[in-house]
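In what follows, a single structure is set out as structure tokens and then discussed.
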Amino acid sequence: MEKFKQLQKIKEIYDQGGNIIQYLKSIGKNRANTIEDILISYDFQAGSYIKYLSDNSEFNQNYSKALATVIDKLGDIGSLMEVGVGEATTLSSLLKNMEKKPAAVFGFDISWSRLKFAKGLLSDRNASNATLFTANLFEIPLLDNSIDVVYTSHSIEPNGGREAEALKELYRVAKNYLVLLEPSYEFADDEAKARMEQHGYITALYKTAKELGYNIVEHRLFDHSANPLNPTGLIIIEKKETASGPSGLVCPISRTALVKHNESLLYSRESFLAYPVIDGIPCLLKENSVLAIHLLTEYDEFKSANNIEYQ
């Protein structure tokens, strides 16, 4: 997290309307967007999507209704998760428009600040039962086959060149279906393709899914796109696992169960790693982990067990 040292400088760039990602890429001398670049950029943007929602509520409703129609056709859904949930502008509208509400709803994002706004929006829209947590989409803190339907909405977008890694991880967690609403290079014109390449967006999602041998049951241009230079494509991948894993949160490093230690901490007894919970939101990036082998050791019991006395 070397670029965290420049957060004040980055704030100045953001306040002046500059492009944070382009600046971070220039100082890092990397062509592709790094996880650190994406985290910093999204965290500074937190709140902007809710502002956009208030100004573009009709588009949001149309987009979410179309997505609800897609997901409703997949059958009974016990659990649903949005990857890169951001401020829950899509998730909150989607839940309102689904015919059958799933019993368990999850959403994660790399940015804690965006989830803070998501928590408020979901509460405003009477969907505060959703489990929100920070995570890296390449290291999701859930077990295999743990979520019936996993979907994205332009969240793989900035990870150009890492399509295979992203698909494998999302496919691992999904039990029945993976629904992808992402920039479609296949349905883009030359200008849009050039823009995707310039911004480091994904360009080979469909091609990669085919190469991985996934069962693609639908691939088309989605009904609604916010930007014609960034057309949204729909890819539905069917998995249909018979065995499902528990949907509880796990350590992103060891994938061992996390238990609540107190209101501000989750702990893995197997890996000895602790993770903070800030304002009710578990922080489950591997970089958030704290090695705490003796978290559960009581000092007085330790002294007694070892016959320790002081002169």
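Just for segment 242-285: of the residues that are at positive phi and crowded, with 17+ Cβ neighbours inside 10 Å, which one is nearest to the chain's Cα centre (by Cα)?
The qualifying residue nearest to the chain's Cα centre (by Cα) is Arg255.
Quick one: what pairs do we get from segment 258-269, first residue touching a residue at least 60 places away in the same chain (Cβ under 8 Å) and closer than 19 Å to Leu142 by Cα, second surrounded by 14 or more Cβ atoms within 10 Å (Cβ to Cβ) and not β-branched (Val, Ile, Thr), C-beta under 7 Å, 6+ apart or different chains?
Hits for this filter: Leu258/Leu249; Leu258/Cys251; Leu258/Leu266; Leu258/Tyr267; Leu258/Ser268; Leu258/Tyr275.
Only one of (1) surrounded by fewer than 17 Cβ atoms within 10 Å (Cβ to Cβ); (2) on the phi < 0 side of the Ramachandran plot; (3) not in a helix (DSSP H, G or I) is not met by Thr152, so which one is it?
That leaves (1) as the condition not met.
Would you check which residues across segment 213-234 are loosely packed, with under 14 Cβ neighbours inside 10 Å, on the phi < 0 side of the Ramachandran plot and either part of a strand (DSSP E or B) or modelled with pLDDT of 95 or more (or both) and list them?
The answer is Asn215, Val217, Glu218, Arg220.
I need the full set of residues from segment 92-121 which are touching a helix residue (DSSP H, G or I) at 6+ places or on another chain (Cβ under 8 Å), closer than 25 Å to Cys251 by Cβ and in a helix (DSSP H, G or I), in order please.
Trp112, Ser113, Arg114, Ala118
Identify, from the list Ala209, Ala192, the residue that is in contact (Cβ under 8 Å) with a residue 24 or more places away in the chain and more than 20 Å from the chain's Cα centre (by Cα).
Ala192
Every residue in segment 69-121 that is farther than 26 Å from Glu139 by Cα and among the basic types (Lys, Arg), please.
Within segment 69-121, Lys73, Lys96, Lys100, Lys101 meet the criteria.
Regarding Glu197, is this residue in a helix (DSSP H, G or I) and either surrounded by fewer than 16 Cβ atoms within 10 Å (Cβ to Cβ) or touching a Cys at 6+ places or on another chain (Cβ under 6 Å) (or both)?
yes
Test Ala88 against the criterion of being free of Cβ contacts under 8 Å to residues at least 40 places away in the same chain and out of contact with any Pro (no Cβ under 7 Å at 6 or more places or on another chain), and give yes or no.
no
The values are calculated or read from the model by the stated rules, or taken from the named source; none is laboratory data. Every value quoted in this text rests on a predicted model; they were computed, and no experiment measured them. Note that we place each Cβ from the backbone using ideal geometry, even for glycine, and neighbour counts take in every protein chain shown.
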